[in-house]
């Protein structure tokens, strides 16, 4: 899977900047394909394994970062960085909260475009949803429809329907059993 | 900003027309709150995410909601006027007449004030049922009533 990086105007550019700095240092990132690598100080046509041995590229500032993303030689990564999925997930969470507003209907809330897009992320969203549930602590939100729709599982006891605290506990336990959560 | 809900969704709610009584929480919704519960969400969704009284059709219809509250002893009544010894629920909905979709429920307190849980946001006291009319909840479809439980009986957690 390849991905083209583009300029972002997101206010979280510093997060993306730091995330890519970490990614360039990680040995897991093993494949780069550059059309015009000199702009990045790397050799063109780098094959598997070579990228990981390259010295990490310093990204000194937001302006430079934007230039890096804007180079004529767009960087194509063989694997979609998980940080992009996470950023997309968080954006959809925020959008869903706005779209849902004060409605009480579970049915209407899950039909909101952002929630549907979140389901559309598929299995990639499962660890993010479980992480979100965990972070919400004693006030878990209604992520259970998405989890059921994506995984097909239903670890919730019948007697716990509607009790989001207990439902979150069941799903987090399911996540641990199935390797999504440590 | 007064309250954490989108103001444009509940335009009649101001500091003069309601009183905030809780923090925002996902633990219960308006349907549960009107039924006297504050630990789970009631909703007849097809996936079984929300709680729904056993034996009541899992349908988002006025009839199903009346049956759900009927399981707690509520029956249809004429209006929302305060009646001593009676506890009332106002059921709200949107849509074409005759095929409205339930959206919200409010519970009348002994004082005559009403209490509502605003989705994932706060629960409030409001003086009239019409205070929560608006784009998100629509309007009152009907009123239900039952004998107000005495102290010690199962009753509202307000």
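Data for the structure
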{"quantity": "Inter-probe distance in nm under a simple model that places probes 7 Å from Cα toward Cβ, at residue B:63 and residue B:21", "calculated": "3.3"}
{"quantity": "Value of relative contact order over chain B, rounded to a whole percent, pairs C-alpha under 8 Å and six or more apart", "calculated": "32"}
{"quantity": "Ranked A:117, B:116, criterion: other C-beta atoms within 10 Å, fewest first", "calculated": "A:117, B:116"}
{"quantity": "Sorted by Cβ neighbour density within 10 Å, fewest at the top, the residues B:86, A:103, A:167", "calculated": "B:86, A:103, A:167"}
{"quantity": "Test item: B:22-31 mean partner chain Cβ contacts at 10 Å", "calculated": "4"}
{"quantity": "Förster radius 25 Å - calculated FRET efficiency between residue A:158 and residue A:95 (Cβ-Cβ, nearest 0.05)", "calculated": "0.20"}
{"quantity": "Inter-chain shielding of A:154-163 (mean C-beta neighbours from other protein chains, 10 Å cut-off)", "calculated": "5"}
{"quantity": "Likely footprinting exposure, B:117, A:173, A:88, fewest C-beta neighbours within 10 Å first", "calculated": "A:173, A:88, B:117"}
{"quantity": "Radius of gyration and maximum dimension Dmax of chain B, Cα, Å", "calculated": "14.6, 43"}
{"quantity": "Distance (nanometres) between label positions extended 7 Å along Cα→Cβ at residue A:178 and residue B:146", "calculated": "3.7"}
{"quantity": "Within 10 Å of each Cβ in A:93-102, the average number of Cβ atoms from other chains", "calculated": "4"}
{"quantity": "Pairwise label distance in nanometres, residue B:96 with residue A:135, each label 7 Å out on the Cα-Cβ vector", "calculated": "4.4"}
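Values quoted throughout were computed directly from the atomic coordinates according to the rules given, and no laboratory measurement underlies them. Keep in mind it's a predicted model, so treat the numbers as computed, not measured. A quick note on method: Cβ atoms are made from the backbone with ideal geometry, for glycine too, and the neighbour counts reach across all protein chains shown.
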